[in-house]
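Reviewing the structure listed below.
The values are calculated or read from the model by the stated rules, or taken from the named source; none is laboratory data. This is a predicted model, so every value here is computed, not measured. Don't worry about glycine lacking a Cβ; one is built from the backbone with ideal geometry, like all the others, and counts go over all protein chains shown.
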Amino acid sequence: MKSIIRVEQLSKRYRLGQRDNYYTLRDTLTAAIRLPRRASTPRHGAQYMWALRDVNLEVAPGAVLGLVGRNGAGKSTLLKVLARITAPTSGRVELYGRVASLLEVGTGFHQELSGRENIFLSGAILGMRHAEIVRQFDEIVAFAELDRFLDTPVKRYSSGMYVRLAFSVAAHLQPEILLVDEVLAVGDAAFQKKCLGKINEVARGGRTVLFVSHNMTAIQSLCDSCILIEGGQLIAHGPPAQIIDHYLARHSDRDAGQRSLRGHSGRTRNSQAVMTEVALRNEREMLSGGVAMGESFSIAVSFDCGTTSLTPSLGIALRSPHGDPLLGVNNKWMRDFDDSRCRQGTIICRLERPPLMPGSYSIDLYLGDGMVDIDIIEGALTFEVQPRDVFGSGKLPAPEFGPIYWPATFTLRDES
Amino acid sequence: MLSPLVDHNSVLMNRLEAEDADFGSSPAQGRSRSETVTLPMLPLLVIDGGRAWARIDWHDLWGHRDLFYFLAWRDVKVRYKQTVLGVLWVVLQPLLTMAVFTLLFGRLAHLPSDGLPYAIFSYCGLLAWNFFNAAVGTSSNSLLVSSNLLTKVYFPRLLLPAASVAATLVDFLIAALLLLGLLPWYGIALRPKMLLLPALGLIDALAALSVGLGLSALMVKYRDVRYALPFALQLWMFLTPVIYPTSFVPSRFRWLLLLNPLTGIIQAFRAAIAGRPLPWLPLALTVSTIAALLVASASIFQRMEREFADLI
């Protein structure tokens, strides 16, 4: 057997607005009566979108393939088709062996049930047989580090505990093919590392893994080849480093410092659309899609809660050009936090001379009421940091040591 | 400690030896996955686009039997955990309905009751009807309430409505045991024929599945079904001999009543309790109606299954 996964001419078409406009049986029936012959054909003038278009792909057994592309490019759709969650419009896929998908952490968890009960439930939903769960139960519990809370309902768990347990169940799946989508975007850094390590272990154990992530570091370290998907088409296939460069080069899109957040594609699923606009201004208070190294800038986020009011707390997370979390700031952590309530307004956050290396950075925004996050937008804005002679030496720090630089003083003691 | 990026990599790659001694090199370089993986004969799975019609994959369903059990178990567990009254509620509901029906239709309206005490007569009807009603309700909604599963993981979707019906069987069992407890009170002796009750309950479950299966699929696409269903079920109850016997209906319309699969089941329940011979003809009609409905429901379900994740 040469390939464990063979994808031929795979296409998937969605009708635009399909998710929002519910059908009603009444409309369908009246349409059927009026136009009996056309009732089953799509509504006139409906718009279609190809989430996948003629994708061909072969994956060798034991390969770890990274899927790279921006939001909405079709990466997740491809995984969902391979996972049999959604059906392709045309084309064919051949998969050898058991397929398990990990598209979300905590699939099948029920809040009212205890940790122990959820291990069995979630395990079964993810595709494990009862006997397999029993056999691995102790390992799952040990990996999650939760043995004291096994009989507590998971609704009382902290979010960290919840994620640990959920990932632990998923990590013990033993399929021949594992499909992983961005599940590592949750949990604290230490646990993320543990998860990546586990995925690496799974991959090294000879399983075939397809891995979607916006985190280029994870992609680069885990995968042995990569594909780049854009507009539903597979446009490149090759070694990770090459594909990532290709991707970053295509997508260093500059937003010119201002972007409307209404209908932003990076808004997370359960968010209410409260934030309306984000703007980045440079030292001279000019809207700008780029700042120089070491230049102070401000990020202004406007929000509109309609008729309700809140004490806005704004979290801003900066991601490095590779998609790694770099730093986070929040107004409620600050001494001069203004806790007055308002319905609409703009919060301005000023970052004093951040020591960022040249490259394209993105900003995630979290707007909450001080207790929970109401609106979360990932990749709300991207901006470019341009090189500048920050040390006055005519030399730039070397880029390969990470996304920040730091002024340092060196002294040489001549001891000859 | 150099910078977050390098640190991150080195932790990630602790298994990958020290081949990236040069900081500048990407950790993936110099890495080879040369170990050839020899796989034993693995089952082939083919996903074919554009195939509008899929048959039920019995093999796949059987492979997921553990999941069927866990889904039903979850529904039972959660239901009894969340309600304060728990089991008491399952007992009180039919008892109170029986009391009200007996007062209104037995005492005041003097409806005939086929030789059984009216309370037992109506309880038999309620036992079959309440189970059917609850099972149709939960199984019809089963896909919608599990939308988070449908969009995240594969399993045979048929398990959701089927497990909902199975979970409702627990309520039925409790209510049936209560009936057996009530019988001596009304001077009715326990008979061997009453051992048929579980079999009749199973037929009742199939009747609920035959309706709920198709409705659950329709409900994903047509949201108005959700609002029409409770009303339709309410009407259905009056077209079912729950509070009146079939003999109450003029004989030229009685065949209409027999189209309703519940008629045969309820008649059989009462016959088993009263020790009368089973109504074989209505029962046979019931079973064939259920079989026809099941086939229709399953074909609606299979046809729409491909779209669930996109529509929900």
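Among the residues of segment A:263-308, what is the count of those that are buried (at least 18 other Cβ atoms within 10 Å of the Cβ), assigned to a loop (DSSP other than H, G, I, E, B) and charged (D, E, K, R)?
1
Note down all Cβ pairs under 9 Å where the first residue falls in segment A:316-332 and is within 14 Å of chain B (Cβ to nearest Cβ), the second is of a type in the set (Lys, Arg) and surrounded by 18 or more Cβ atoms within 10 Å (Cβ to Cβ), and they're at least six residues apart or on different chains.
These pairs meet every condition: A:325/A:319; A:326/A:319.
Return the residues of segment A:62-100 that are closer than 17 Å to residue A:223 by Cα and of a type in the set (D, E, K, R); say none if nothing qualifies.
A:75
Go through segment A:209-241 and count every residue that is within 8 Å of chain B (Cβ to nearest Cβ) and either hydroxyl-bearing (Ser, Thr, Tyr) or surrounded by fewer than 22 Cβ atoms within 10 Å (Cβ to Cβ) (or both).
Count: 5.
When residues of segment B:207-232 are filtered for being surrounded by fewer than 18 Cβ atoms within 10 Å (Cβ to Cβ) and among the hydrophobic types (A, V, I, L, M, F, W, C), how many remain?
Residues flagged as surrounded by fewer than 18 Cβ atoms within 10 Å (Cβ to Cβ) and among the hydrophobic types (A, V, I, L, M, F, W, C) within segment B:207-232 amount to 3.
Filter segment B:117-146 down to the residues that are assigned to a helix (DSSP H, G or I) and over 16 Å from the mean Cα position of the chain (by Cα) and list them by number.
Those that are assigned to a helix (DSSP H, G or I) and over 16 Å from the mean Cα position of the chain (by Cα): B:118, B:119, B:120, B:121, B:122, B:123, B:124, B:125, B:126, B:127.
Just one of the numbered conditions (1) part of a strand (DSSP E or B); (2) at the interface with another protein chain (Cβ under 9 Å from one of its Cβ atoms) is not true of residue A:52; which one?
Only one criterion is unmet by residue A:52, namely (2).
Within segment B:121-141, track down each residue that is more than 19 Å from residue B:202 (Cβ to Cβ), crowded, with 22+ Cβ neighbours inside 10 Å and out of contact with any Asp or Glu (no Cβ under 8 Å at 6 or more places or on another chain).
If the condition is that a residue be more than 19 Å from residue B:202 (Cβ to Cβ), crowded, with 22+ Cβ neighbours inside 10 Å and out of contact with any Asp or Glu (no Cβ under 8 Å at 6 or more places or on another chain), then B:122, B:123, B:140 are the ones that fit.
I'd like the full set of residues that are of a type in the set (Gly, Ala, Ser), surrounded by fewer than 16 Cβ atoms within 10 Å (Cβ to Cβ) and within 15 Å of residue A:372 (Cα to Cα), limited to segment A:309-341.
Passing the criteria: only A:309.
Which condition number does residue A:337 fail, the rest of (1) hydrophobic (A, V, I, L, M, F, W, C); (2) within 30 Å of residue A:405 (Cα to Cα); (3) in a strand (DSSP E or B) being met?
With (1) hydrophobic (A, V, I, L, M, F, W, C); (2) within 30 Å of residue A:405 (Cα to Cα); (3) in a strand (DSSP E or B) applied to residue A:337, the lone miss is (3).
One residue is enough: does segment B:205-220 have a residue meeting the conditions in a helix (DSSP H, G or I) and out of contact with any helix residue (DSSP H, G or I) (no Cβ under 6 Å at 6 or more places or on another chain)?
no
Here's a check for you: in segment B:277-288, which residue that is under 13 Å from residue B:199 (Cβ atoms) and hydrophobic (A, V, I, L, M, F, W, C) is modelled with the lowest pLDDT?
Selected residue: B:278.
When you go through (1) surrounded by fewer than 21 Cβ atoms within 10 Å (Cβ to Cβ); (2) assigned to a loop (DSSP other than H, G, I, E, B) one by one for residue A:137, which number turns out not to apply?
Only one criterion in (1) surrounded by fewer than 21 Cβ atoms within 10 Å (Cβ to Cβ); (2) assigned to a loop (DSSP other than H, G, I, E, B) is unmet by residue A:137, namely (2).
Condition first: at pLDDT below 90 and within 23 Å of residue B:162 (Cβ to Cβ). Now tell me which residues in segment B:221-245 satisfy that.
Across segment B:221-245, the qualifying residues are B:221, B:222, B:223, B:225, B:226.
Scan segment B:147-187 for residues that are more than 14 Å from chain A (Cβ to nearest Cβ) and either assigned to a helix (DSSP H, G or I) or at pLDDT 90 or above (or both) and report the count.
Within segment B:147-187, residues that are more than 14 Å from chain A (Cβ to nearest Cβ) and either assigned to a helix (DSSP H, G or I) or at pLDDT 90 or above (or both) number 24.
Inside segment A:246-262, can you point out the residues that are more than 17 Å from the chain's Cα centre (by Cα) and either buried (at least 16 other Cβ atoms within 10 Å of the Cβ) or modelled with pLDDT of 80 or more (or both)?
A:246, A:255, A:257, A:258, A:259, A:260, A:261, A:262
Just the residues that are outside any helix (DSSP H, G or I) and either of a type in the set (D, E, K, R) or modelled with pLDDT of 90 or more (or both), please, taken from segment B:246-276.
Matches in segment B:246-276: B:260, B:276.
Look at segment A:99-127 and say how many of its residues are facing chain B (nearest Cβ under 8 Å) and not in a helix (DSSP H, G or I).
Looking only at that region, the number is 10.
Does residue A:76 count as more than 9 Å from chain B (Cβ to nearest Cβ), among the polar types (S, T, N, Q) and surrounded by fewer than 23 Cβ atoms within 10 Å (Cβ to Cβ)?
Answer is yes for this residue.
Inspect segment A:378-389 for any residue being over 30 Å from residue A:302 (Cα atoms) and either buried (at least 19 other Cβ atoms within 10 Å of the Cβ) or among the charged types (D, E, K, R) (or both) and give the result as yes or no.
Within segment A:378-389, one or more residues are over 30 Å from residue A:302 (Cα atoms) and either buried (at least 19 other Cβ atoms within 10 Å of the Cβ) or among the charged types (D, E, K, R) (or both).
Can you say whether residue B:202 is without any contact (Cβ under 8 Å) to a residue 24 or more places away in the chain, surrounded by fewer than 16 Cβ atoms within 10 Å (Cβ to Cβ) and more than 19 Å from the chain's Cα centre (by Cα), as far as the supplied structure shows?
The answer is no for residue B:202.
Identify, by number, the condition in (1) outside any loop (DSSP other than H, G, I, E, B); (2) within 10 Å of chain B (Cβ to nearest Cβ); (3) under 19 Å from the mean Cα position of the chain (by Cα); (4) closer than 28 Å to residue B:57 by Cα that residue A:92 doesn't meet.
(3)
Which of the numbered conditions does residue A:370 fail, given that it passes all the others? Conditions: (1) assigned to a strand (DSSP E or B); (2) within 30 Å of residue A:309 (Cα to Cα); (3) of a type outside the set (D, E, K, R).
Here residue A:370 clears every test but (1).
Please verify whether segment B:95-108 includes one or more residues that are modelled with pLDDT of 85 or more, at the interface with chain A (Cβ under 9 Å from one of its Cβ atoms) and part of a helix (DSSP H, G or I).
no
Scanning segment A:144-153 for residues that are surrounded by fewer than 22 Cβ atoms within 10 Å (Cβ to Cβ) and in a helix (DSSP H, G or I), which turns out modelled with the lowest pLDDT?
It comes out as A:147.
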